[in-house]
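Reading through the structure tokens given below for one structure.
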Amino acid sequence: MYINILGSAAGLPSKTRKTQSIILDMVNEINEYFLIDVGEALQHQLLKTSIKPSKINHVFITHLHGDHIYGLPGFLSSRAHQGGEGKPLTVYGPKGLKEWLDITFSVSETTLNYPVDFIEISDGDQFKVKNVDITLKKLNHNIDSFLYIFKEENQKGALNVDKLKSEGIQPGPIYSEIKESETFMYNNKVYFTKDFLGPEIKGRKIAIHGDTRPVEDINYLNLINHSDCIIHEATFLDYEYEKANDYYHSEIHKVLDIQKDLNVKKYIFTHISNRYEEDFLRQFINNLPNDILIAHDFLKVEIPRKI
Ligand SMILES: [Zn+2]
Ligand SMILES: [Zn+2]
């Protein structure tokens, strides 16, 4: 599993940052990429990666500000010509998204050669895509903006081969049968699979935020606690708390202070204002601990399996 930031800018693009698009790469796990937000340059950014649009079958929109959706019509229409023909796609997003796309496609006389399903999201919604549970929470922005939490299902632990062998059960197709059932028979004796399994493998949890002021309520903090990776906006980096608050955005130190007691493996701060000079950013990044990253376009981060 990887996080791939394809657009890391706040609001406006700069020469080095495009507006927000995030890929949750689960090709190794479920053979697809989740796309979260679709900044204007997304399809151009994709061309600089090995990501195939035909493997993006689920798109999650955090909110309807232009810097998060203006790439969506272009991406959807190009996907039709990039191997997406006949491959269904689902778009999750706030009320109004479908109407906007319908008008855009109608005016530009665009027809797609694959089915698109729209799911209108609201606070507290829960969905499941393959083995990934998705939970939503409304954030604090000047329009409805949402947090998506992606959590893999826990998996059964590994088979204890030594223990099976000690019962005389040798490796073979029976091992996968054993793993898929609760009980099994061997030589007329009934066994419980759980007695031959290592500890359960915990699914990874990724929390991806739309634009927001820092959120302090306890339900929210409980929801994001124990994340393997939190992706949060940091439009402001330099202690400009009031300004961040006025613009319904976040300042990084404030977010970290609110979340200081949480157990989080890694932070990626993105949606970075382009008014910060490269020198400032370089120094800022140098002073951060290893588990706190400031995104740049094409930042790719592996989220390792829990052991
Ligand atoms: Zn934004
Ligand atoms: Zn916004």
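The values are calculated or read from the model by the stated rules, or taken from the named source; none is laboratory data. All figures in this text were calculated on a predicted structure; none of them were measured in a lab. Heads up, the Cβs are rebuilt from the backbone with ideal geometry, glycines too, and the neighbour counts pull from every protein chain shown. To get the accessible areas, we keep the full protein, side chains included, count just its heavy atoms, and leave off ligands, DNA and RNA. Shrake-Rupley method; radii C 1.70, N 1.55, O 1.52, S 1.80 Å.
Compute the separation of the alpha-carbon centres of segment 92-106 and segment 31-45 and state it in Å as a whole number.
Each part's Cα centre sits 17 Å from the other's.
Can you tell me the dipole magnitude for segment 142-261 around its Cα centre, using point charges on the Cβ only (Lys, Arg +1; Asp, Glu -1), in Debye to the nearest 20? Walk me through the numbers before you get to the answer.
On the way: 14 positive and 22 negative charges, 176 e Å.
In total the dipole reaches around 840 debye.
Compute the distance in nm between two label points, each set 7 Å from the Cα along the Cα-to-Cβ direction, one at Ile30 and one at Asp217.
Placing both labels 7 Å along Cα→Cβ, they lie 2.7 nm apart.
Measuring from label point to label point, each 7 Å out along Cα→Cβ, what is the Ser176 to Lys194 span in nm?
Label at Ser176, label at Lys194, 2.6 nm between them.
Sort largest first and round to whole Å: the equivalent ellipsoid semi-axes of segment 110-225, each the square root of five times a Cα gyration tensor eigenvalue.
Its equivalent ellipsoid spans semi-axes of 44, 20, 10 Å.
Could you give the nm distance between label points at Asp102 and Asn274, where each point is 7 Å from its Cα heading toward the beta carbon?
With each label placed 7 Å out from Cα toward Cβ, I get 3.4 nm.
Mind checking which of Ile285, Ser108, Tyr33 is farthest towards the positive end of the chain's charge dipole, using Cβ charges of +1 (Lys, Arg) and -1 (Asp, Glu) about the Cα centre?
Tyr33
When the accessible area of the chain is computed with all protein chains present and a 1.4 Å probe, what percentage of it is carbon and sulfur?
49 percent
Within segment 158-242, report the GluC sites (Glu not before Pro) that DSSP leaves as loop and that have at most 10 other Cβ atoms within 10 Å.
Here the GluC sites (Glu not before Pro) that fit, given the DSSP loop and packing criteria, are Glu182.
Could you please tell me the mean projected area of the C-alpha convex hull for segment 173-273, averaged over all directions and given in square nanometres to one decimal?
Over every viewing direction, the Cα hull of segment 173-273 projects on average to 9.4 nm².
If you take the charge dipole of the chain about its Cα centre, with +1 on Lys and Arg Cβ and -1 on Asp and Glu Cβ, which of Gly172, Phe75, Val132 is farthest toward its positive end?
It is Gly172.
Under a cut-off of 18 Å between alpha-carbon atoms, report the lysines in cross-link reach of Lys137, not counting same-chain residues fewer than 8 places apart.
Excluding near neighbours in sequence, the set is Lys95, Lys128, Lys151, Lys205.
Find the percent of Cα-Cα distances in the chain that exceed 24 Å, and round it to a whole number.
The answer is 56 percent, as a whole percent.
What 222 nm value per residue comes from the helices of the chain, counting each DSSP H run with n ≥ 4 as -39,500 (n - 2.57) and dividing by all residues, nearest 500 deg cm²/dmol?
It lands at -6000 deg cm²/dmol.
Which order do Lys243, Lys266, Lys156 take when ranked by solvent-accessible area (1.4 Å probe, heavy atoms of all protein chains), largest first? Please list the in-between numbers first.
Numbers: Lys243 100, Lys266 50, Lys156 75 Å².
Result, largest first: Lys243, Lys156, Lys266.
When a/c is below 1.5 the answer is rounded, else prolate if a/b is larger than b/c, else oblate, so apply that to segment 243-307 with a ≥ b ≥ c taken from the square roots of the Cα gyration tensor eigenvalues.
Note, shape of segment 243-307 comes out oblate.
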